[in-house]
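A quick write-up on the structure given underneath.
The values are calculated or read from the model by the stated rules, or taken from the named source; none is laboratory data. Just so it is clear, the structure is predicted and the values come from calculations on it, not from any experiment. Cβ coordinates were reconstructed from backbone atoms using ideal geometry, including for glycine residues, and neighbour counts include every protein chain displayed. Ligands, DNA and RNA are excluded from the accessible area calculation, which covers all protein heavy atoms including side chains. Shrake-Rupley method; radii C 1.70, N 1.55, O 1.52, S 1.80 Å.
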Amino acid sequence: MAAQNGGCTHAHQQPWCSCDAVRIGVALQKMVVRRGDHPSGPCFSSACELGPNRVHVERHVDYDHGQYLARPPPPLVPSIKHLPKRFKKKVKRGRRTKDQNDWDISQLVQKILALEPGGDIDGLLNHWTGRFNRKNFPILIQEMTMTGSLNHSDRVFNWMKHQELYRARADMYNDMMCLNIRHNQLDSARRLFKEMQESRCNPDVESYNVLINAYGRARHLQLASNAFDAMLTAGIAPSRQSYNNLISAYGSSGKWEYCLQLCKKMMDNGVGPDIVTHNILLSALRNGGEYDKAISYFHGMEARNFPLDLVTYNILMKCFSQVGQYGKAIDLFCRLRNSSYCKPNLVTFNTVMHIYGVCGRLSDAKSTFELMLAEGLAPDVVSYNTLIGVYSSAGLYKEAESVMSLMKEAGHRPNLVTYTSLVNAYGKSGQPERAEVIFGMIERHSLKPNTVSYNALISAYSWVGNFDDAMRVYDVMKSKKVRPNSVTICTLLTASGKGGYMEKIHDILLEAACHNIQLNTTLCNAALTALIGGGAYDSAEKLFVTMQTDGIRADSVTYFLLIKMSGLIGDHMQAHRLFDELCAGAAGLTVEACSELINIYAKKGMPCEAQAVYEKMKILGCCPNVVTFTSLLCAYGVKGLLREAVGVFEDMVAEGIVPDIVAYTALISTFNKNGYPEKAIELARSIQHEEVCQNEVFCMEILAACSKLRDWRTALDTFQKMQDAGTVATHQTVHHLLLVVGKSGQPEEMLKLYLKIKKLGFEPTSGIYETLLNCFAKAGRWRLCMEILGWFELARFKPSFQTYNIALACLNSKEQWRSYLDVYKEMKDAGYLPTKSMASTAEKASHLWEGVKYSCIRCLVLFDGSSLQWPPLMCRNVDLKIEPYRYVDLQKLVSDEGCTCWYLKQQAEIVRDNRFIPPGNWAQRVHHRERREFRLGHEHNKQSEIGRACLELQGLFPPYPPTSWLYSLAHIVFSSIGVRA
């Protein structure tokens, strides 16, 4: 149509006939989106060529709501010649005195709306010449009700009823009843219906439809049925809208069985259902919780090739999300986007964002919001609140606050749902204080907190186990006269359980009774959860007995909690008895209860019983999930039944269930127990490209396999993947990793790994030091072993007896007697009693050390007897590497001997005064002589005095380079024996 396309017909188009003009006028009247919408955008008119006549069409563009309205204008006031004769003189006289005005109805409506609520509407209408024609009254009422102003419309209608030419008409009463219903004024609508009957104006089918719709919106189902029966009694044939209103009334209350009966009755009476009827039935099934029936009804509509509209898709998407078929809901959304006749609206996008939030796909929810903006749809308050709720469910308060900022920038005012979602976000992130600050903003913005708002704040304190503050908020809630509900009581029970206030659970249940909240299954389950979580198993059993005594039906959640409690106390017989009661009762077997019982048998090492439960649940039609298969895998893994475990894993994959990290860990553990570490590593490598979040237990099993294979490279790669995934490594993981690398014979890699871990801020423990010491001792790195013993002292850890034993064994194997004696003395000072072998080795080391000291002095004397007449020196090109720090430890060589040797001092002074550098072959000759004399001293074990003058060498030689004879002597000592640095 030209009017719908926003323009006029062009000159070259074929002129329309007069009957087309009539159809255009009727169609334009039906194009109003909602009856009574008052456009806020500009209003403009255009004319269409209809033969010799022109039809003026008013178009209203509402840019705020994205609506386009088009309708013919109200008829103009008839000229004076069409007025009755008794009014012609009065109108002429009024025009001369300017007491009467020839306004058309549109101008009159604008003048009425311009008046204040208490303005003189009667005076304005009394100056309108159109009041002398009763045909203007229905048009005026129609225009006034379309504005949506109830006050102005009531006053105009009351003025109209006092006019001489007024005659009651059904369409005027119908318009006024519709307006009152839109403002939720049910009593006023009923009063108008009764007044219409008293005015001898017979209600028509539209009147009864309006009344049935009013009762349905107010959930007065019996009154709606009575109105429908009264319509039949009055001899008025119900229309399709009548049946739709009555079906919608019962469907909104979830009574889908009666809705189907009404639909059958409707078809029996010859009134066929339309798409609105089918949508009402789908909505009734959804409200009644019959999501599977709604989906089946939808498939039946598709099989009959029934045209579907946007409302149908929106209802079905919500049904699919309720039954957990999120993929099918998203497929419907994609199908709707690709449709050429039906495009998604705000409700569709809001539903999709909610579905992504339930699935935990936050990024997809954000992408959907951006897609809605790209489609040209302006998000409303519900859209922003939906996205905020998605982030709040995950505890992402920063993202939720950023969305609220965008909401304010778009000109929308945050409402109570917005602030409640933010309170929930801070509560789940463990920040109850910040949640209470947001809660205080509700009243500051002139909003009144409701029960849901208080429940969110109580849940914030319950999340961290702060029972006292949760009760404080509950007391404030009662003082504000906000009625608590069952969710409030359940939240308080959770807070008492997490806070360890088991004795408060009975008081909370009594508090629920004081507010007429009956003890039901939900409250009992919450109390059982709190008692079992706090370890009060006896109280939980008493509460279950109370449930049975009071006739409270135990559901599947109740039995699941009791089976879990039986597993915690180790009573698998009681768990099996509860499972049998669940199977025989009306509660219905659930996969959670079956998985928990299989898990109990797995911990007890009873795979046959676990397999029996698995077979029974399949017979009863209970589909296993990933937890069920994982528990069964663990049951076989505990006993090391590899073949059965692999069979369960293959069955899980065949069922289309994606294994999680727990399932992979159980299978890898079974491979390790059966001596197939290479298969464990192969399985771990096969899941690298899958989206499986690896945890610490999985990495420990991989490290166990690497330890058996001495595969230290795979162990390091596993640790690197842990770091890349953001998994925090514990002390146990680091200890096991170091043990794997050290056990593989890679002390250098182990030292690098230790330094890397320490650089990352990891604080080593005494167990890690012992692991390092053990690995270095096996590699014969005695110097690093001595250094690690020093780390114990710096970290204030006390080495164990086993640590000292490992260090002494390493020093004994390397014949480092001086260090052996130091560690032996340190062990005795630490309070450990040495073994006989340690004591005998220490005595042997003492004798050998005395021979070493004699050999050193003997070498010095032989230096003086040489034919060179100069003290021994060492050249820079000697292949012996001397470290400067060993010079300081030379004092330990002559620690308490107290000998005087003037010769050493004299030779040292000669070196200092002459700064002599001997030839290059001199150092090599001295080196061979030193070695020979050391062997002689070792064989004869001769004792001789060591000059006290060596104590003064520290003051003589620091200015000299490491080519002095003192460093040469230090090298002899340190290359022959172990002196602790």
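Length, then width, then depth: along the principal axes, the Cα atoms of segment 533-674 run 51, 30, 23 Å. Here the 3J(HN,Hα) profile of segment 113-118, calculated from phi with Karplus coefficients 6.51, -1.76 and 1.60 at θ = phi - 60°, is 5, 6, 6, 5, x, x Hz, Gly and Pro shown as x.
Would you mind counting up the charge near residue 708? Only other residues with Cβ under 13 Å from its Cβ, with Lys and Arg at +1 and Asp and Glu at -1.
Values: positive: 673, 679, 710, 743; negative: 678, 701, 711.
The answer is +1.
First compute the accessible area of segment 705-783 with a 1.4 Å probe, then give the percent of it belonging to carbon and sulfur atoms.
Here carbon and sulfur together make up 51 percent of the probe-accessible area.
For segment 313-367, what is the relative contact order in percent, using Cα pairs closer than 8 Å and at least 6 residues apart in sequence? Write out the running numbers ahead of the final one.
Details: 42 pairs, mean separation 16.7, N = 55.
Relative contact order comes out at 30 percent.
I need the shape label for segment 359-504. Rule: rounded when a/c is under 1.5, else prolate if a/b > b/c, else oblate, with a, b, c from the alpha carbon gyration tensor.
On the way: a/c = 2.68, a/b = 1.79, b/c = 1.50.
Here segment 359-504 falls in the prolate category.
Accessible surface for residue 676 stands near 90 Å², nearest 10, in the context of the full protein assembly shown (1.4 Å probe).
Can you check what the net charge comes to around residue 447, using other residues whose Cβ is under 14 Å from the Cβ of residue 447 (Lys, Arg +1; Asp, Glu -1)?
Values: positive: 413, 444, 448, 480; negative: 443.
Overall, the nearby charge balance is +3.
Go through 814/836; 721/756; 265/343; 564/616; 752/814; 759/798 and tell me which ones have a Cα-Cα distance over 26 Å in this structure. Don't jump to the answer; show the numbers that get you there.
Working: 814/836 20 Å; 721/756 15 Å; 265/343 33 Å; 564/616 19 Å; 752/814 24 Å; 759/798 23 Å.
Flagged as over cut-off: 265/343.
Accessible area per residue for segment 141-268 in Å², computed with a 1.4 Å probe and the full protein assembly in place, what is it? Working shown, then result.
Working: 5990 Å² over 128 residues.
Here the per-residue accessible area is 47 Å².
Distance between the C-alpha centres of segment 352-393 and segment 568-589: 42 Å, rounded to the whole angstrom. Calculate the length of the line joining the C-alpha centroid of segment 192-248 to that of segment 265-317, in whole Å. Using only Cα atoms, the two centres lie 24 Å from each other.
Other residues whose C-beta falls under 12 angstrom from the C-beta of residue 405 contribute a net charge of -1, scoring Lys and Arg +1 and Asp and Glu -1.
Ranked from largest to smallest solvent-accessible area, with a 1.4 Å probe on the protein heavy atoms, 278, 731 come out as 731, 278. Rolling a 1.4 Å probe over the protein heavy atoms of segment 160-212, with every protein chain left in place, gives an accessible area that is 40 percent carbon and sulfur. Between residue 101 and 128, 129, the built amide H atoms are under 5 Å apart, and every one of these is 5 or more places off in sequence or on another chain.
Solvent-accessible surface of segment 395-554, taken per residue with a 1.4 Å probe and all protein chains present: 48 Å².
Kindly sort 781, 413, 217 by accessible area of their heavy atoms, largest first, with the probe set to 1.4 Å. Present the calculation step by step, with values, prior to reporting the outcome.
On the way: 781 90, 413 150, 217 125 Å².
Sorted by accessible area, descending: 413, 217, 781.
Probing with 1.4 Å while keeping every protein chain in the model, the per residue accessible area of segment 657-796 equals 50 Å².
Residues of segment 473-505 with an amide N closer than 15 Å to a point placed 7 Å from the Cα of residue 542 along the Cα-to-Cβ direction: 502-505.
Compute the relative contact order of segment 394-452 as a whole-number percentage, counting only Cα pairs closer than 8 Å that sit 6 or more residues apart in sequence.
Numbers: 49 pairs, mean separation 20.7, N = 59.
After rounding, I find 35 percent.
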